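Below: the structure, in structure tokens.
The values are calculated or read from the model by the stated rules, or taken from the named source; none is laboratory data. The model shown is predicted, which means the values in this text are computed figures rather than measured ones. Cβ coordinates were reconstructed from backbone atoms using ideal geometry, including for glycine residues, and neighbour counts include every protein chain displayed.
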């Protein structure tokens, strides 16, 4: 197959999943072409059968805002014509599914037929896609896809309910994790660098947008910090990161923050004792899965698709939505109980091993191949 993959390049599950899947498909001999406005952060090495194509964004003074969707559509047309791509796989519906649909119409007039696949990732359905300014076009573009997937049963149901998608059209395919890259490490250099011996290391990795509720990460950490020595490591970047830092100052824990920006996450996770993910409605929780693969228990809320990944009381702890103090107390209690924490570390890794790439990439490959004659 020749596949054009559309994704965001920034920190976040959609870009990570898109990049990892494109690389896995290339490993299997398929031709992968990734299209975005910057090189995705996971595409960090040369690989046969892989190409990246940057979208050129216009800056004509008439436009108050650059029309990225049009630039993206044009790039899809160029790549499909030049390389003979048969499938355009959009990750995150907005604006990728819309651009793919427009590109298909243009290519059809030139006698070139392509199939459209779209993987939904969460806020494109639960938040952004439901905004009045996007809803109708998003619904239309999703319905016109030849294949629709999402990472959880919970997101399947939300898509069917809120966008009028026929039951059974959306295929639930879980996200996967590289079990070799993300694995436990008993004694790693980042741990020694981040905190002195005897200090708990709590981590949070995200794109720091409101849906991630990083304020509750900091509130929970402040509760835990009153009980024991600990540091909170924040990895990634986004609009709510400065707010998190200010809140930490107000709560008197700013000196215990380690703000690292955009970095490869595996070594930070290997150094961690707990991972906090109190999202409003995590569609799956790829960052949680990567933490679990490193043997790190996850603490979050019973919301969205996270309960499909984290086994409450076994590989992590899920508490009622909004209880940030509850989250901090549970974290402190778990760390204080060393035997339980050790058992949960082992269980987290065991659970993550159920999301290895092989069978999950098999599902994608089978469905994508089914689109072609």
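Quick look at the values:
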item: Matching residues, region 181-192, being surrounded by 10 or more Cβ atoms within 10 Å (Cβ to Cβ) and either closer than 26 Å to residue 125 by Cα or free of Cβ contacts under 8 Å to residues at least 24 places away in the same chain (or both); result: 192
item: Listing of strands (runs of 3 or more DSSP E) fully contained in region 33-120 that carry 2 or more residues being free of Cβ contacts under 8 Å to residues at least 24 places away in the same chain and farther than 15 Å from residue 18 by Cα; result: none
item: Flag for residue 223 being assigned by TED's automatic domain parsing to the domain that holds residue 348, within 24 Å of residue 342 (Cβ to Cβ) and either surrounded by 22 or more Cβ atoms within 10 Å (Cβ to Cβ) or over 22 Å from the mean Cα position of the chain (by Cα) (or both); result: yes
item: Residue in region 234-242 that is without any contact (Cβ under 8 Å) to a residue 60 or more places away in the chain and under 21 Å from residue 318 (Cα atoms) present; result: yes
item: In region 150-171, residue nearest to residue 310 (Cα to Cα) [restricted to those that are touching a residue at least 24 places away in the same chain (Cβ under 8 Å) and surrounded by fewer than 22 Cβ atoms within 10 Å (Cβ to Cβ)]; result: 153
item: Selection status of residue 295, surrounded by 21 or more Cβ atoms within 10 Å (Cβ to Cβ) and farther than 22 Å from residue 208 by Cβ; result: yes
item: Set 282, 290, 365: member being surrounded by fewer than 20 Cβ atoms within 10 Å (Cβ to Cβ) and under 18 Å from residue 17 (Cβ atoms); result: 365
item: Meets criteria (within 30 Å of residue 118 (Cα to Cα), within 22 Å of the chain's Cα centre (by Cα) and free of Cβ contacts under 8 Å to residues at least 12 places away in the same chain) for residue 354; result: yes
item: Residue match in region 113-128 (condition: over 30 Å from residue 355 (Cβ atoms) and either surrounded by fewer than 19 Cβ atoms within 10 Å (Cβ to Cβ) or within 21 Å of the chain's Cα centre (by Cα) (or both)); result: yes
item: Tally, over region 16-32, of residues that are within 11 Å of residue 5 (Cα to Cα) and not in a helix (DSSP H, G or I); result: 2
item: Total residues in region 206-236, condition within 26 Å of residue 14 (Cβ to Cβ), part of a loop (DSSP other than H, G, I, E, B) and touching a strand residue (DSSP E or B) at 6+ places or on another chain (Cβ under 8 Å); result: 2
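Listed here are the residues, each with its yes/no results for (1) over 23 Å from residue 114 (Cβ atoms); (2) modelled with pLDDT of 95 or more.
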{"residue": "126", "(1), (2)": "yes, no"}
{"residue": "135", "(1), (2)": "yes, no"}
{"residue": "144", "(1), (2)": "no, yes"}
{"residue": "148", "(1), (2)": "no, yes"}
{"residue": "154", "(1), (2)": "yes, no"}
{"residue": "158", "(1), (2)": "yes, no"}
{"residue": "161", "(1), (2)": "yes, no"}
{"residue": "166", "(1), (2)": "no, no"}
{"residue": "171", "(1), (2)": "no, yes"}
